[in-house]
Protein chains: 2
Amino acid sequence: MTEDWVALLRERGYRMTHQRRLVLGAVRELRHATPEQVHSHLRQQDDAVDLATVYRTLELLVDLGMVGHSRLASNAETYHLIAHADHIHLVCRGCGTVSEAPVEVADGFAGKVRAQGFEPDLGHLVVYGRCADCASAT
Amino acid sequence: MTEDWVALLRERGYRMTHQRRLVLGAVRELRHATPEQVHSHLRQQDDAVDLATVYRTLELLVDLGMVGHSRLASNAETYHLIAHADHIHLVCRGCGTVSEAPVEVADGFAGKVRAQGFEPDLGHLVVYGRCADCASAT
DNA sequence: TTAACTGCAAATAATTTGCACTTCG
DNA sequence: CGAAGTGCAAATTATTTGCAGTTAA
């Protein structure tokens, strides 16, 4: 798979670098990470990658279609591997917890949206609301 | 309805001011507006409300439950009247156009999410994807 | 070799906050 | 009158960019 990635970069005139491998690795490990989280995760290990480079790399990875991004909190964009995008996000407004649900729960919904001529990207679906705990606590 | 609002404010020790009326009016007229848009909309009229006040007022209105907010573009939070929140947002990644669909298309989906113990807030649902035009253009 | 990439620092953009003055009730 | 609200400017936070030195191919 790493090879596919190198080919993908080459095709577009990009190069494979140590930093890019590290950033992609961090996104894979963290599953849902903000640029800031990727940056500090890498710093905690031997490897430090400049925050600006993290931003540039994440943008590149999104462009290549390897990584997706969603706004899971009102002030932070989080990135995740497309290969892991087999779920939708349920964000609780009460406690901020992000839980996941299989994309299948949105299949019927997706069909109706498609019927309107819009092709939804469920790998990025974020639903706000209240989790069971916060709903009962009111 | 304006009276309800005044009562709502009073109950919580807040006051009704000229600026608050203006901001709510702008949100109503613009339907989906960023703080910046509310600010310039008001400035184009005789009335100018400081941008910081716009932010403070929108936050208050959200708190009162009169206004909702969603991230329709990657860099801008937009606000809308809850009374108008009878639709979901379809945001095209290709052209950036925001179209609307009735909440009913998500009814079945909402039921499945509830079955998992999560109460979704469909008035804030934002779905990213590609509109018919951009999908065919590829 | 050489164009792409990186780190660093400075620049922007979006949003928040401190404070003295104004206004609602 | 007195607490709540506002404008203005400064502070924060998130993200982007310019540039000189580094590195992949």
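Bear in mind that the values in this text are calculations on the coordinates, not laboratory data. Because the structure is predicted, anything quoted here is derived from the model rather than measured. We place every Cβ from the backbone using ideal geometry, glycine too, and count neighbours over all the protein chains shown.
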Under 10 Å, Cα contacts only: if you run a Gaussian network model on chain B, which one of B:G111, B:G13, B:G123 comes out with the highest mean-square fluctuation? B:G13
Could you size up the charge dipole of the protein assembly as shown around its Cα centre, putting +1 on the beta carbon of Lys and Arg and -1 on that of Asp and Glu, and report it in debye to the nearest 20? 280 debye
Assuming R0 = 41 Å, what is the FRET efficiency of B:E104 and A:R15, from their Cβ-Cβ distance, to the nearest 0.05? 0.25
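With a sphere of radius 15 Å drawn around the Cβ of A:V105, what net charge do the other residues whose Cβ falls strictly inside it have (Lys, Arg +1; Asp, Glu -1)?
In short, -3.
What fraction of the DSSP beta bridges in chain B is antiparallel, stated in percent and rounded to the nearest 5?
Antiparallel: roughly 75 percent of the beta bridges in chain B.
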Alpha carbon centroid spacing (whole Å) that separates segment B:65-118 from segment A:65-103: 16 Å
Over the Cα atoms of chain B the radius of gyration and the largest Cα-Cα distance (Dmax), both in Å, equal 17.0, 54
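Once the other residues with Cβ under 12 Å from the Cβ of B:R71 are scored (Lys, Arg +1; Asp, Glu -1), what is the net sum?
-1
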Cys residues of chain B counted as unpaired, since no other Cys beta-carbon is under 4.7 Å: B:C95, B:C134
Below 15 angstrom from the Cβ of A:L42, what's the summed charge of the other residues (Lys, Arg +1; Asp, Glu -1)? 0
State the extension gain, in nm to one decimal, for the chain segment bounded by B:D86 and B:A52, taking 0.36 nm per residue of separation less the distance between their alpha-carbons. 9.4 nm
